[in-house]
1. Relative contact order of the stretch 3-72: what whole-number percent is it, with Cα pairs under 8 angstrom and at least 6 residues apart?
2. Jot down the radius of gyration and Dmax of the chain, Cα atoms only, both in angstrom.
3. Most exposed first by the Cβ proxy, i.e. fewest other Cβ within 10 Å, how do 35, 15 rank?
4. How large are Rg and Dmax for the stretch 32-73 when calculated on the C-alpha trace, in angstrom?
5. Using a cut-off of 11 Å between beta-carbons, work out the net charge of the residues near residue 53 (Lys and Arg +1, Asp and Glu -1, residue 53 not included).
6. Mean residue ellipticity at 222 nm from the helices of the chain, using -39,500 (n - 2.57) per DSSP H segment of n ≥ 4 over the full residue count, to the nearest 500 deg cm²/dmol?
7. Any idea what the dipole of the chain comes to, in debye rounded to 20, about its Cα centre with Lys/Arg Cβ at +1 and Asp/Glu Cβ at -1?
Amino acid sequence: MAEMKIDVRGETCPVPLVEMRKALRKASPGDIVEVIGNHPASKKEIPMAVKALGLELMEVQQEGEIWKIRIRR
């Protein structure tokens, strides 16, 4: 099982979502993709996209301005 980290801090929509989708396409089933960003709208959009793709949203953490979302493919 691999773990991929995508840092999209400073990026606004739709970049974080696009980067997450690219990473998930490369990931194998069971791999974990961690997205780190600070754009508030993306923090809402990514979990919705994960649900729509039928993948597992493992956790959403917020620390100050920065959020971290972990997804299992």
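1. Value for the stretch 3-72: 34 percent.
2. Reported Rg and Dmax, both Å: 10.9, 31.
3. By the 10 Å Cβ count, ascending: 15, 35.
4. 9.6, 29
5. Local net charge: +3.
6. -10500 deg cm²/dmol
7. Approximately 280 debye in magnitude.
We did not get these values from a lab; they are worked out from the coordinates using the rules stated. In this text the structure is predicted, and so the values were computed from the model without any measurement. Cβ sites come from the backbone with ideal geometry, for glycine too, and all protein chains shown count toward neighbours.
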